[in-house]
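Visitor: Got a structure for you, written out below as structure tokens; questions coming shortly.
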Amino acid sequence: MEIIPSLLVNSQEKFFAGLLGLGDCVRMLQIDIADGEFVPNVTWADPGIIAPRLRLECELHLMVKDPVGVAEKWRAVTQVKRVLFHYEASPDIPAVLQKLKTFGWEVSLVLNPETPLEAIEPYLSQIQGIMLMGIIPGFQGQPFIPATYERARRSKLMYPSHYLEIDGGVNENTIPGFIAAGVDAVCPGSAVFGHEKTPRENVARLQSLITGLTK
Ligand code: DX5
């Protein structure tokens, strides 16, 4: 199970502090993008400033009402490998998928905790991944919703070939349940960036837990 740290910040200073703190201890970073409309929070993530200084691969978690409009701003950023947008955000998912396909990135659909897993069935052939939220999206450090374990387990049974990520509430207490559910990647926010130790030390701690449970 891969760790893809999730960076949700409201300033350039915090973004680069997080990035510097991670160094090269992971393969991929998740950049959280919130527009203040789909979720009541606005993040800082400027592709023109980030691209020249980002050595990691990244995925974009679009917590926005206009996924295509935001994705367009990142189109030239070669570090982007995957885009994740919310099922709940767009009234016209086929049009969003059609457009995002032209970017050459992997595409994942994100489901909020209350959205049934079956909702994505019409789109399975057009997406490579699924991300389940373990919290109501928008902010770091919120309490984890335990029903997410069962949703993850069912999701992996129903859609075994889709890359399954969990975002929200990922930490040392919840990781064992995600491993048991067959999750492919977890996206910790506060457990990596909001902890007294450095992001690199926090990733190492979570990684050794995963290694110990999966060998
Ligand atoms: C919140 C974001 C998450 C956030 C998770 O809506 O989507 O990626 O960074 O933070 P934690 O891990 O603290 O729940």
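Visitor: Over the chain, give the accessible area per residue in Å² for a 1.4 Å probe, as an integer.
Guide: 44
Visitor: How do 59-69, 90-100, 205-215 rank on mean C-beta neighbours within 10 Å, highest first?
Guide: My ranking of the peptides, most packed first, is 59-69, 90-100, 205-215.
Visitor: Within straight cross-link reach of Lys101, meaning Cα distance under 14 Å, which aspartates and glutamates are found once same-chain residues fewer than 8 apart are removed?
Guide: Qualifying aspartates and glutamates at Cα under 14 Å: Glu72.
Visitor: Determine the relative contact order of region 95-215: mean sequence separation of Cα pairs under 8 Å and six or more apart, normalised by residue count, in whole percent.
Guide: Worked out over region 95-215, it gives 20 percent.
Visitor: Would you mind checking the pairs Lys14/Lys156; Lys14/Lys215; Lys14/Lys99; Lys14/Lys81 and listing those with alpha carbons more than 28 angstrom apart?
Guide: Lys14/Lys156; Lys14/Lys215; Lys14/Lys99
Visitor: Counting only DSSP beta bridges with both residues in the chain, what percent are antiparallel, rounded to the nearest 5?
Guide: Antiparallel bridges: around 5 percent, rounded to the nearest 5.
Visitor: Of all accessible surface on region 75-176 at a 1.4 Å probe, what whole percent is carbon and sulfur?
Guide: C and S fraction of accessible area: 57 percent.
Visitor: Run lengths n ≥ 4 of DSSP H only: what is the helix-derived mean residue ellipticity at 222 nm for the chain, with -39500 (n - 2.57) per run over all residues, to the nearest 500?
Guide: -9500 deg cm²/dmol
Visitor: Assuming R0 = 41 Å, what is the FRET efficiency of Arg55 and Thr211, from their Cβ-Cβ distance, to the nearest 0.05?
Guide: My answer for the efficiency is 0.95.
Visitor: Please label the shape of region 45-202 as rounded, prolate or oblate, based on the square roots a ≥ b ≥ c of the eigenvalues of the alpha-carbon gyration tensor (a/c under 1.5 means rounded; beyond that, a/b larger than b/c means prolate, else oblate).
Guide: It comes out oblate by the Cα gyration axes.
Visitor: Still on this model: Restrict the search to region 164-213; then list the GluC sites (Glu not before Pro) that DSSP places in a loop and that have at most 14 other Cβ atoms within 10 Å of their Cβ.
Guide: Passing sites in region 164-213 are Glu172, Glu196.
Visitor: So how far apart, in nm, are the two label points at Glu150 and Phe16 if each is 7 Å from Cα heading toward Cβ?
Guide: Between Glu150 and Phe16, the label points sit 4.7 nm apart.
Visitor: So, one more: If packing is taken as the mean number of other Cβ atoms within 10 Å per residue, what is the order of 71-79, 25-33, 123-131, highest first?
Guide: Highest-to-lowest ranking by the protection proxy: 25-33, 123-131, 71-79.
Visitor: Relative contact order for region 1-101: what is it in percent, counting Cα pairs under 8 Å that are at least 6 residues apart?
Guide: Computed value for region 1-101: 24 percent relative contact order.
Visitor: If you take the square roots of the eigenvalues of the alpha-carbon gyration tensor of region 134-215 and sort them as a ≥ b ≥ c, do you get rounded (a/c under 1.5), prolate (a/b over b/c) or oblate?
Guide: oblate
The values are calculated or read from the model by the stated rules, or taken from the named source; none is laboratory data. In this text the structure is predicted, and so the values were computed from the model without any measurement. All Cβ positions, glycine included, derive from the backbone under ideal geometry; neighbour counts span all protein chains shown. Areas reflect the complete protein model, heavy atoms only, side chains present, ligands, DNA and RNA absent. Shrake-Rupley method; radii C 1.70, N 1.55, O 1.52, S 1.80 Å.
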